[in-house]
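Worksheet for the structure shown next.
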Amino acid sequence: MSAAFSVFAAKGYGKVSIEEICAEAGFSRGAFYSNFETVDELFQALYEEQAAVFRRRVATVFETAGTATAAPNQCSLLIGRLARVVLSEPRWLLLEADARAYAARRPAAAQLHLGVRRRLAELVADGLTAHGAVPSAPGRREDAIRFVIEAYDAVTSQLILDGDVARARERFAHLLLVLASPAGQAARQPAGVGRTGQ
């Protein structure tokens, strides 16, 4: 799996052969087929494995944050640490981008991908709420989760293209601070969004 992660990150899904994965891992084709039937099956398993690793890293940010961080400076520090961790592994971002394209053409894979993204967004939104960075309000959890998904998508897509990690972390932190701000809470209210004449 480690070898597959390196090869997929370097070449991208659709450009990787079983032979390349086996050569990187130092195993035979027989060893590959004793674990996986196809490269697709390996790719899906790798994505799930690395998503779980990524979530554990993110969870550690909240586990080590201590008590509630409602004070503005504490909130900024927590969000800054979170942005550094979320955008710390370029290989994961490449794998995640490939998984998104893969899922777009395969309904079963799309469900897996949506579930992975949602679990990450829930972790971030719930962690920020638990630490007092995002006020808890009835019916607002779904808005916060959606906001996190959209912020993550926008920032990581740009980062993959321009490679500017510092700017991406700054932007992601800024978006999460918007989520945490009273103005951001009001702006996420669905009433009137995208409508005219109201």
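Annotations
- Selection from the range 119-140 of residues that are part of a loop (DSSP other than H, G, I, E, B) and of a type in the set (Ser, Thr, Tyr): 136
- Identity of the residue in the range 77-95, among the aliphatic types (A, V, I, L, M) and open to solvent by 40 Å² or more (accessible area, probe 1.4 Å), that ends up modelled with the lowest pLDDT: 77
- Considering the conditions (1) in contact (Cβ under 8 Å) with a residue 24 or more places away in the chain; (2) of a type outside the set (A, V, I, L, M, F, W, C); (3) open to solvent by less than 50 Å² (accessible area, probe 1.4 Å), residue 135 is excluded by exactly one of them, (3).
- For the range 96-109, the criterion of being open to solvent by less than 20 Å² (accessible area, probe 1.4 Å), in contact with a Lys or Arg (Cβ under 9 Å, 6 or more places away or on another chain), closer than 25 Å to residue 163 by Cβ and part of a loop (DSSP other than H, G, I, E, B) is met by none of the residues.
- Entry remark, the range 16-55: residues being part of a helix (DSSP H, G or I) and within 21 Å of residue 98 (Cβ to Cβ) number 26 in total.
- Scanning the range 22-55 for residues that are over 16 Å from the mean Cα position of the chain (by Cα), among the charged types (D, E, K, R) and surrounded by 12 or more Cβ atoms within 10 Å (Cβ to Cβ), we see that the one that is farthest from residue 115 (Cα to Cα) is 24.
- Selected residue (only one of 104, 99, 9, 70 is closer than 27 Å to residue 171 by Cα, within 12 Å of the chain's Cα centre (by Cα) and modelled with pLDDT under 95): 99
The values are calculated or read from the model by the stated rules, or taken from the named source; none is laboratory data. Here the structure is a predicted model, which is why all the values come from computation and not from measurement. Using ideal geometry, Cβ is built from the backbone for each residue, glycine included, and neighbour counts are taken over all protein chains shown. To get the accessible areas, we keep the full protein, side chains included, count just its heavy atoms, and leave off ligands, DNA and RNA. Shrake-Rupley method; radii C 1.70, N 1.55, O 1.52, S 1.80 Å.
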